[in-house]
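The values are calculated or read from the model by the stated rules, or taken from the named source; none is laboratory data. This structure is a prediction, so every number in the text was calculated from the model and none was measured. Every residue, glycine as well, gets a Cβ built from its backbone with ideal geometry; the counts of neighbours run over all protein chains shown.
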Amino acid sequence: MNLLYISIFGVLGVLSRYSIDLYLSNKEYLFPYPTLLVNLIGSILAGFLYTVALEKTASSTIYIPLIIGFCGGLTTFSSLTLQSFNMIQQGHLFRPFIYLTGSCGIGVICVFIGNKIAKNIILS
């Protein structure tokens, strides 16, 4: 049953990512903001869900599909690396450095934020 839930939430995550990308990509950006945004949102959500699942010792029936399915479908590591490669190919060296550092570094901070939101709002 978990595979079905992971699949359903994965599709919802992908559709969410596509919708955000479609909405924000109508603008001319020199930087892949839509991908950065979904990666940071996904990091906050993953930190939040993981913390709630651990603290509540909740059934993994809903949290695993949400984290693996939705967050996995929403976030875009393959897009992140391809966009970084393309920026390097175009001769930009500073942009991909900032993009990768921001996505990974700020992504970890976002997981921490999701953890704190769960502990202070949901679990208190």
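Does the range 69-79 contain any residue that is at pLDDT 90 or above, part of a loop (DSSP other than H, G, I, E, B), out of contact with any Ser or Thr (no Cβ under 6 Å at 6 or more places or on another chain) and within 30 Å of residue 91 (Cβ to Cβ)? Before you say what the answer is, go through the steps one by one.
Here is the first cut: in the range 69-79, the ones at pLDDT 90 or above are 69-75.
Restricting the remaining residues to those that are part of a loop (DSSP other than H, G, I, E, B) gives 75.
Checking which are out of contact with any Ser or Thr (no Cβ under 6 Å at 6 or more places or on another chain) leaves us with 75.
Then drop every residue that is not within 30 Å of residue 91 (Cβ to Cβ), which leaves 75.
Among the residues of the range 69-79, at least one is at pLDDT 90 or above, part of a loop (DSSP other than H, G, I, E, B), out of contact with any Ser or Thr (no Cβ under 6 Å at 6 or more places or on another chain) and within 30 Å of residue 91 (Cβ to Cβ), which makes the answer yes.
One residue is enough: does the range 86-108 have a residue meeting the conditions closer than 23 Å to residue 5 by Cβ, in contact with a helix residue (DSSP H, G or I) (Cβ under 9 Å, 6 or more places away or on another chain) and of a type outside the set (Ser, Thr, Tyr)? Working first, answer last.
Taking the range 86-108 first, the residues closer than 23 Å to residue 5 by Cβ are none.
Within the range 86-108 (the criterion being closer than 23 Å to residue 5 by Cβ, in contact with a helix residue (DSSP H, G or I) (Cβ under 9 Å, 6 or more places away or on another chain) and of a type outside the set (Ser, Thr, Tyr)), the answer is no, since none of the residues qualifies.
Please indicate, with yes or no, whether at least one residue in the range 49-65 is at pLDDT below 95, in contact with a helix residue (DSSP H, G or I) (Cβ under 8 Å, 6 or more places away or on another chain) and either in a loop (DSSP other than H, G, I, E, B) or more than 25 Å from residue 2 (Cβ to Cβ) (or both). Step through it out loud before you land on a result.
Residues of the range 49-65 at pLDDT below 95: 49-65.
Within this subset, residues satisfying the condition of being in contact with a helix residue (DSSP H, G or I) (Cβ under 8 Å, 6 or more places away or on another chain) are 49-53, 55, 58, 60-65.
With either in a loop (DSSP other than H, G, I, E, B) or more than 25 Å from residue 2 (Cβ to Cβ) (or both) added as a condition, the list becomes 58.
Within the range 49-65 (the criterion being at pLDDT below 95, in contact with a helix residue (DSSP H, G or I) (Cβ under 8 Å, 6 or more places away or on another chain) and either in a loop (DSSP other than H, G, I, E, B) or more than 25 Å from residue 2 (Cβ to Cβ) (or both)), the answer is yes, since at least one residue qualifies.
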- Task: Would you tally the residues in the range 66-85 being over 18 Å from the mean Cα position of the chain (by Cα) and of a type in the set (Ser, Thr, Tyr)?
- Result: 0
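Yes or no, residue by residue, for (1) of a type in the set (Ser, Thr, Tyr); (2) more than 12 Å from the chain's Cα centre (by Cα); (3) crowded, with 16+ Cβ neighbours inside 10 Å:
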| position | (1), (2), (3) |
| --- | --- |
| 17 | no, no, yes |
| 22 | no, yes, no |
| 25 | yes, yes, no |
| 28 | no, yes, no |
| 47 | no, no, yes |
| 51 | yes, yes, yes |
| 54 | no, yes, no |
| 64 | no, yes, yes |
- Message: Restricting to the range 90-114, name every residue that is under 30 Å from residue 55 (Cβ atoms) and among the polar types (S, T, N, Q).
- Response: 103
- Query: Do we have any residue at all in the range 86-95 that's surrounded by fewer than 21 Cβ atoms within 10 Å (Cβ to Cβ) and under 11 Å from the mean Cα position of the chain (by Cα)?
  - Reply: no
- Query: Could you list, in sequence order, the residues of the range 1-36 that are more than 16 Å from residue 77 (Cα to Cα), among the charged types (D, E, K, R) and assigned to a helix (DSSP H, G or I)?
  - Reply: none
- Please state which one of 24, 100, 12, 54 is without any contact (Cβ under 8 Å) to a residue 40 or more places away in the chain and either on the phi > 0 side of the Ramachandran plot or touching a Phe, Trp or Tyr at 6+ places or on another chain (Cβ under 7 Å) (or both). 24
